[in-house]
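Novice: Can you keep this structure in mind? I'll have questions shortly.
A short reminder: the numbers here are calculations on the coordinates, not readings from a lab. The shown structure was predicted, so the numbers you read here are calculated from the model rather than taken from an experiment. So basically every Cβ, Gly included, is an ideal-geometry build from the backbone, and we count neighbours across all protein chains shown.
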Amino acid sequence: MRTHGKQLTLKLRMPYKKILVGVFAAIFIIAGFSGIRGVFLGFIKPMPDIDALGPRQLVLAYYKRLALTDTAGANRCLSDDYRRELAGISPIYTVWLGDVKISKGARLRLKGMYSTNYDERLYYVEYSAWQMGGGVSPSGQESMFVYVAKETKESPWRIIGIGSGP
């Protein structure tokens, strides 16, 4: 009876192990596919010359690169300071991103009268996403405020901040 009980216990535990292995394998495959897809689609849809883009086009390019899972391309749209600021944050792996809507934009300074940038714009962006890991936002409809700035009259536009509000 004891032997039979042990075998029964092992048989009950075995499916859970297989399920866990299957779940981890599926996550690994999805994450791997997303990375490969980004590299592959990056060759098909090359990164535009971001230095020549206007502020709204830069925001659109940023979200297009995220939709392709091209995080390196998306990071090129960020200012150096903002990129360093994000370096310590756990990444969110976007499996799918679409239905991006970007507002007209408004001239609004992120730091008010203390801003040292030549020009700044604020855009309201809505999109749908399926994401894994990282922050507290669940997958689904997302809304973000995106600040874009030019440090000098001659410098290119760069994203200096992205947030969901106060």
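Novice: What is the magnitude of the charge dipole of the stretch 47-163 about its Cα centre, with +1 placed on the Cβ of each Lys and Arg, -1 on the Cβ of each Asp and Glu, and no other charges, expressed in debye to the nearest 20?
Specialist: It comes to approximately 260 debye.
Novice: What is the pair-distance distribution P(r) of the stretch 47-163, computed from all Cα-Cα distances in 10 Å bins starting at 0, with each bin given as a whole percent?
Specialist: Computed distribution, short to long bins: 14, 47, 33, 7.
Novice: Continuing with this model, one more query. If each residue of separation counts as 0.36 nm, what is the full-extension length gain between Ile19 and Thr71 once their alpha-carbon separation is subtracted?
Specialist: Extending this stretch completely gives an extra 15.6 nm.
Novice: Along the stretch 117-122, what does the Karplus equation 6.51 cos²θ - 1.76 cosθ + 1.60 (θ = phi - 60°) give for ³J(HN,Hα), rounded to whole Hz, x for Gly and Pro?
Specialist: Karplus values, whole Hz, x for Gly and Pro: 6, 5, 8, 9, 9, 10.
Novice: Which entries in the list Lys101/Lys150; Lys64/Lys153; Lys64/Lys111; Lys64/Lys101 go over 20 Å, if you measure between the two C-alpha atoms of each?
Specialist: Lys101/Lys150; Lys64/Lys153; Lys64/Lys111, as the Cα separations exceed 20 Å there.
Novice: Using +1 at the Cβ of each Lys and Arg and -1 at the Cβ of each Asp and Glu in the stretch 47-163, identify which of Leu108, Thr71, Ile50 lies farthest towards the dipole's positive end.
Specialist: Leu108
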